[in-house]
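These notes are about the structure you will find just below.
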Amino acid sequence: MFSHIKFSAIASGLLVMVVASFVAFFFGLLTLLWAQAAENHLIAASASIMLLSFRLLSFLMAGYLTAQLAISQPLLHAAASGTLGSIFVAETGSNWWLGFLICLPTVIVGAWVQKKTRLKATGELMSFEIQACTENDWRDLKQVRLQSLLDAPTAFGLSYATVAAYSDADWQDRAANRTPPTYFIARVGEQVAGLVGGVKTAEEFNLIAMWVAPTHRGTGIGKALIERVLALAAAAGAAEVALFVSPLNISATSLYQSMGFRFTPHFKALDSFPEVTVQRMVATIQEPASK
């Protein structure tokens, strides 16, 4: 499914393309008509070149946006290609093949670059590792925790201002597990790409602070982080792991459900943003199979 951010980016790109092409075409056409009426061949030739240039630009932009859909969204890519074909016919008239030849290389190259980029990223992410934080990781823990709060402030019970006020000694204690919770971080090479925490209270075992960097979502890091918390809970003798999440956060709830979490009829206001309602989810700890 299209993410909201990606859809907005492509929609914005299409809007800019349409508006820019329309404005350029409109003023170019007025200039051309005026030049022809005044019988100024130099201005007429310049206006014709400008119109051709913006027509070419519109083809290139449309081709690039179409290529962005070629790998990840085949159905939308097909629809965009059909729309692009209509533009070719409308813009080039009987010379539709000219528009096709202009745009085809852009589509092919854009799709190839996107595919190579995705394959490279996938290859890099194959080597990610999940590590329990130690005291030496306190700077990385601080960085990724603050980054998560900036990226998704309404997804966590603590505010950025509260967490940013922690001292270095506070971060060292948290990283060393001298104070709950226990934190795990995901690393991709030297980059910290995710975080999760697990904490046992008097009532239950909670999964908290779950976050994966936007550039690394959908790669398996989220599931690997959750698995570490489930294993930690099992080692602590917990029967269930609980968490709170906004039911409107579809990507997060889908991930949790794929890991065995289910919704309960327990709602509450988020501490950091009381206007946000979060719902409790729980997962039952699976007993290891007897041999």
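Inside segment 163-189, residues that are under 18 Å from P274 (Cα atoms) and under 18 Å from the mean Cα position of the chain (by Cα) make up a count of 0.
Does Y160 satisfy being within 27 Å of the chain's Cα centre (by Cα) and without any contact (Cβ under 8 Å) to a residue 40 or more places away in the chain?
Working: within 27 Å of the chain's Cα centre (by Cα): yes; without any contact (Cβ under 8 Å) to a residue 40 or more places away in the chain: yes.
Answer is yes for this residue.
The set of residues in segment 176-191 being out of contact with any strand residue (DSSP E or B) (no Cβ under 7 Å at 6 or more places or on another chain) and either touching a residue at least 40 places away in the same chain (Cβ under 8 Å) or of a type outside the set (S, T, Y) (or both) consists of A176, N177, R178, V188, G189, E190, Q191. Annotation note: Cβ proximity below 9 Å between a residue of segment 260-282 that is in the same structural domain as E204 (by TED's automatic domain parsing) and within 18 Å of L149 (Cβ to Cβ) and a residue that is part of a strand (DSSP E or B) and charged (D, E, K, R) (sequence gap 6+ or interchain) occurs for V278/K268.
Inspect all residues belonging to segment 271-291 and state whether any of them is in a helix (DSSP H, G or I), on the phi < 0 side of the Ramachandran plot and either surrounded by 15 or more Cβ atoms within 10 Å (Cβ to Cβ) or over 22 Å from the mean Cα position of the chain (by Cα) (or both). Scanning segment 271-291 turns up no residue that is in a helix (DSSP H, G or I), on the phi < 0 side of the Ramachandran plot and either surrounded by 15 or more Cβ atoms within 10 Å (Cβ to Cβ) or over 22 Å from the mean Cα position of the chain (by Cα) (or both).
Evaluation of V196 against the conditions (1) outside any loop (DSSP other than H, G, I, E, B); (2) at pLDDT 95 or above; (3) farther than 22 Å from W138 by Cα shows that the sole unmet condition is (3).
The values are calculated or read from the model by the stated rules, or taken from the named source; none is laboratory data. Model, not experiment: these values are computed from the prediction. Don't worry about glycine lacking a Cβ; one is built from the backbone with ideal geometry, like all the others, and counts go over all protein chains shown.
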